[in-house]
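Remarks on the structure that follows.
The values are calculated or read from the model by the stated rules, or taken from the named source; none is laboratory data. Values in this document were obtained by computation on a predicted structure and should not be read as measured data. Virtual Cβ from ideal backbone geometry, glycine too; neighbours counted across all protein chains shown. Heads up: the accessible areas ignore ligands, DNA and RNA and are worked out on the full protein's heavy atoms, side chains in. Shrake-Rupley method; radii C 1.70, N 1.55, O 1.52, S 1.80 Å.
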Amino acid sequence: MGRHDQVEGMEDYPDIIEVRQEPTDTRNFGGAWHGDVTYLPEPPLGSILYAKEVPEVGGDTLWSNLYLAYDDLSEGMKRLIDNLVVMHTPAKIYGEKALDWGKDSSVRSSPTSAAHWEHPHPLVRTHPESGRMLYYVSGAFTPRFADMTEEESAPLLDYLMAQATREPFTCRWRWQAGDVAFWDNRATLHYALNDYAGERRVMHRVTVNGEAPVR
């Protein structure tokens, strides 16, 4: 297991993040398509989420399949992206210009200059266990390609994110208290819906350390 580099864990169990949404919170943790901490040199192999308290309606989580998103691309698009490198960074979510998580949610994290760094990963990769090809983008964690500006990168990155999250490539989990989800962070994106205003939702999350840098 690994501790989150930007969010404090629970006092008694620092490897566990309590993802807690109070009825008065306006912002939810994970409320956009992403993979967990993909900006690390060795991103997590996977993540585990345990449902402690869930609202009567809402609070579902969606996952997308990056294998299927890649397989569906044309051969021309595959050739275009094959050798691209993506810069991953925590700056957009946790950096000095990010919204303060501690002010409008129950997440224990605040904007920091320590989040202003980047790490390159190849866009197209082979999964180390399945041997299948996929492409590796992660929403706000991947704002640009190497040697390109964000403005230059945006059209293609936006297309790849839209492709990765098309409905045929996704599934939706309707949580019940006591449910546990364990997903491969190397081959999926996920999205926590924020559609339960005025209700409480409490989840415990851990990440499973990766084995090697992305290739």
Near pairs, Cβ below 6 angstrom, 6+ apart or cross-chain, from region 9-32 (at negative phi) to any residue that is open to solvent by 30 Å² or more (accessible area, probe 1.4 Å) and small (Gly, Ala, Ser) = Pro23/Gly198
Could you run through region 167-190 and say how many residues are over 23 Å from Pro41 (Cβ atoms), surrounded by 13 or more Cβ atoms within 10 Å (Cβ to Cβ) and of a type in the set (D, E, K, R)?
-> 1
Keeping to region 126-146, report how many residues are among the acidic types (Asp, Glu) and under 12 Å from Ala91 (Cα atoms).
-> 0
Arg174: basic (Lys, Arg), within 16 Å of Ser64 (Cα to Cα) and touching a residue at least 40 places away in the same chain (Cβ under 8 Å), yes or no?
-> yes
Matching residues in region 125-161 - criterion: being at pLDDT 95 or above, under 15 Å from the mean Cα position of the chain (by Cα) and either at positive phi or assigned to a strand (DSSP E or B) (or both) = Tyr135
So, first residue open to solvent by 60 Å² or more (accessible area, probe 1.4 Å) and acidic (Asp, Glu) in region 148-165, second residue modelled with pLDDT of 95 or more and part of a helix (DSSP H, G or I), Cβ within less than 9 Å, six or more apart or across chains; the pairs are Glu150/Leu157
Which one is farthest from the chain's Cα centre (by Cα), of the residues in region 46-84 that are of a type in the set (S, T, N, Q) and closer than 12 Å to Ala181 by Cα?
-> Thr61
